[in-house]
Amino acid sequence: MTETPPIRTVVIEREVAAPPEKIWRALTQQHLIEEWLMKSDFTPVKGRKFTFRNQPRPDVSVVVDCEVLHVEPNRTLSYSWEAFGLESVVTFTLEPTPAGTVIRMEQTGFRPDQDLAFRGARASWKQFMAALEKVVADLD
């Protein structure tokens, strides 16, 4: 009997000096998502399919097919993330603290043969989360 290689997960966690409601807006409103992640036709409704799109260079187009898996306003948002052969799940969890909110982003589903995608996601999500924090800081 052979063992199945472990599925890897990228986790980024940080505390943000803002209430969960403010972070939720940045996670769920299209114009704000575009500021920190990518253009999308996202709507926070379970079962809703949507797409993230980006063109970082004229010769490169990024399309991520997604479906909303779980929505608990101001608490948890989860969606599938499929691109370039990767089938994964992205989950954001918001936990209120005395100083603001701990936001945890977890992307799971990286197979052992997807090391490049895993390393790329680890680097990209750090940048995305820093951009998210900036967007949240600028919200009224």
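Laboratory data are not the source of any read-out in this text; all were calculated from the coordinates shown. Just so it is clear, the structure is predicted and the values come from calculations on it, not from any experiment. Backbone-built Cβ (ideal geometry, glycine too); neighbour counts: all protein chains shown.
Here Arg111 clears all of (1) surrounded by fewer than 18 Cβ atoms within 10 Å (Cβ to Cβ); (2) closer than 16 Å to Ile23 by Cα; (3) not hydrophobic (A, V, I, L, M, F, W, C) except the condition numbered (2). Whether any residue in region 88-102 is of a type outside the set (Ser, Thr, Tyr), surrounded by fewer than 19 Cβ atoms within 10 Å (Cβ to Cβ) and touching a Leu at 6+ places or on another chain (Cβ under 7 Å) is what I want to check. Yes, that holds for at least one residue.
Residue pairs whose Cβ atoms lie under 7 Å apart, sitting 6 or more positions apart in sequence or on different chains, and linking a residue in region 74-91 that is touching a residue at least 12 places away in the same chain (Cβ under 8 Å) and over 14 Å from Leu116 (Cα atoms) to a partner that is outside any strand (DSSP E or B) and of a type in the set (Ser, Thr, Tyr), are Leu77/Thr28.
Residues in region 1-51 that are within 18 Å of Val90 (Cα to Cα), assigned to a loop (DSSP other than H, G, I, E, B) and of a type outside the set (A, V, I, L, M): Pro6, Gln29, Asp41, Phe42, Thr43, Pro44, Lys46, Gly47, Arg48.
Just one of Val45, Val71, Val62 is touching a Pro at 6+ places or on another chain (Cβ under 9 Å), more than 22 Å from Gln127 (Cβ to Cβ) and either free of Cβ contacts under 8 Å to residues at least 40 places away in the same chain or hydroxyl-bearing (Ser, Thr, Tyr) (or both); which is it? Reasoning before the result, please.
Working: Val45 fails: touching a Pro at 6+ places or on another chain (Cβ under 9 Å); Val62 fails: more than 22 Å from Gln127 (Cβ to Cβ).
Within the list Val45, Val71, Val62, the selection yields Val71.
Against the condition part of a strand (DSSP E or B) and loosely packed, with under 13 Cβ neighbours inside 10 Å, how does Ser78 come out, does it pass? Outline the logic, then answer.
Working: part of a strand (DSSP E or B): yes; loosely packed, with under 13 Cβ neighbours inside 10 Å: no.
Criteria not met by Ser78.
Name every residue in region 104-129 that is outside any strand (DSSP E or B) and either in contact with a Gly (Cβ under 7 Å, 6 or more places away or on another chain) or in contact (Cβ under 8 Å) with a residue 24 or more places away in the chain (or both), in order of residue number.
In the first step, residues of region 104-129 are kept if they are outside any strand (DSSP E or B); the result is 111-129.
Listed by number, the residues that qualify are Arg111, Pro112, Gln114, Ala117, Phe118, Ala121, Arg122, Trp125, Lys126, Phe128, Met129.
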